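The values are calculated or read from the model by the stated rules, or taken from the named source; none is laboratory data. Just so it is clear, the structure is predicted and the values come from calculations on it, not from any experiment. Glycine also receives a Cβ, built like all others from the backbone with ideal geometry; neighbour counts cover every protein chain displayed.
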Amino acid sequence: MLKTAERLAVAVSGGKDSISLIDVLSRIEKHFPNVEMIAITVNEGISGYREEGIKIAADYARQLNIEHKVISFKSFYGYTLDEIAQRARELGNYSICAYCGILRRKVLNVMARETSATKLATAHNLDDEAQSILMSLLRGDINELRQESNLSKVFVPRVKPFITTLEKEIALYAFLNGLPFQSAPCPYAGTSMRNEIRRFLNVMEEEHPGMKFTLRSTFSKLQSLLKVREYSIGQCEICGEPSSKKVCRACQILRSLDLI
Ligand code: SF4
């Protein structure tokens, strides 16, 4: 995933996964003098929740002597997630996580690009991956299942070093190493379909250990049989950011809520 010379941006929310990730990567990085790290925290604007994670991320990055940057939805989009959620609910839409994920992804890519990062590492783990696979299958979203290929340099390549590591193993690592992390759940987490899938997969994993890993490896085999999704990247006609469609997904969300 990584080369011996990188400027590596790491997305750090302050939760156990991302704090463990920056901890592990900083230990490895010590052996590679041509690797630089920068921690990026996105402040979505979730009142009473996000502040704690940002402080933990900032303090731990300082402790590891890693540059840390925070970027907010408010400064980037003009709205906090709370404001976006309120508007979505007025329109009868309660799946806030779906909005948050797309909006955060765009902010992270812009920040990684603006800080000249060569890779963007996120703390997605095996549980996240298994959930995403099942969600795409249940939604019938074939495009999400296909590998993507684009020749554009405008997307900073993403790496997911914990992709084959169970969430509970990461939690164990964080506890055993005495790492600081935010344990309170996001107030919107219960609204997502992902949450229902998580509960289902956890029950299945309990009854059939190894099932999450099997799901991922089966998916990889299937993916190799599917045609790679090649697409060209243009510019979003609203924000000018890279997009394979006329309007990028983040702007589509804001437009559907009459926020742009
Ligand atoms: S739980 Fe949902 S709303 Fe909360 S930070 Fe995660 S994706 Fe965003």
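Tabulated data
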{"item": "Within segment 171-181, tally of residues that are away from the ligand (no atom under 16 Å from the Cβ) and touching a residue at least 40 places away in the same chain (Cβ under 8 Å)", "result": "6"}
{"item": "Residue list for segment 79-106, filter: hydroxyl-bearing (Ser, Thr, Tyr) and either touching a Phe, Trp or Tyr at 6+ places or on another chain (Cβ under 8 Å) or surrounded by fewer than 20 Cβ atoms within 10 Å (Cβ to Cβ) (or both)", "result": "TYR79, THR80, TYR94, SER95"}
{"item": "Candidate set from segment 187-206 (those that are within 13 Å of the ligand (Cβ to nearest atom) and more than 30 Å from ARG62 (Cβ to Cβ)); member that is modelled with the lowest pLDDT", "result": "THR191"}
{"item": "Answer residue from segment 45-62, given it is within 14 Å of the ligand (Cβ to nearest atom) and either of a type in the set (Ser, Thr, Tyr) or buried (at least 17 other Cβ atoms within 10 Å of the Cβ) (or both) and is farthest from the chain's Cα centre (by Cα) among those", "result": "SER47"}
{"item": "Those residues of segment 42-71 which are within 21 Å of ILE260 (Cβ to Cβ) and in contact with a Lys or Arg (Cβ under 9 Å, 6 or more places away or on another chain), in sequence order", "result": "VAL42, ASN43, GLU44, GLY45"}
{"item": "Segment 218-235: number of residues that are β-branched (Val, Ile, Thr) and within 16 Å of GLU129 (Cβ to Cβ)", "result": "1"}
{"item": "Condition met for ALA184 (under 30 Å from GLU241 (Cα atoms), within 16 Å of the ligand (Cβ to nearest atom) and touching a residue at least 60 places away in the same chain (Cβ under 8 Å))", "result": "no"}
{"item": "Subset of segment 63-78 [farther than 13 Å from ILE38 by Cβ and surrounded by fewer than 20 Cβ atoms within 10 Å (Cβ to Cβ)]", "result": "GLN63, SER72, LYS74, SER75, PHE76, GLY78"}
{"item": "Residue ranges of strands (runs of 3 or more DSSP E) in segment 1-91 with at least 2 members at pLDDT 95 or above and in contact with a His (Cβ under 8 Å, 6 or more places away or on another chain)", "result": "35-43"}
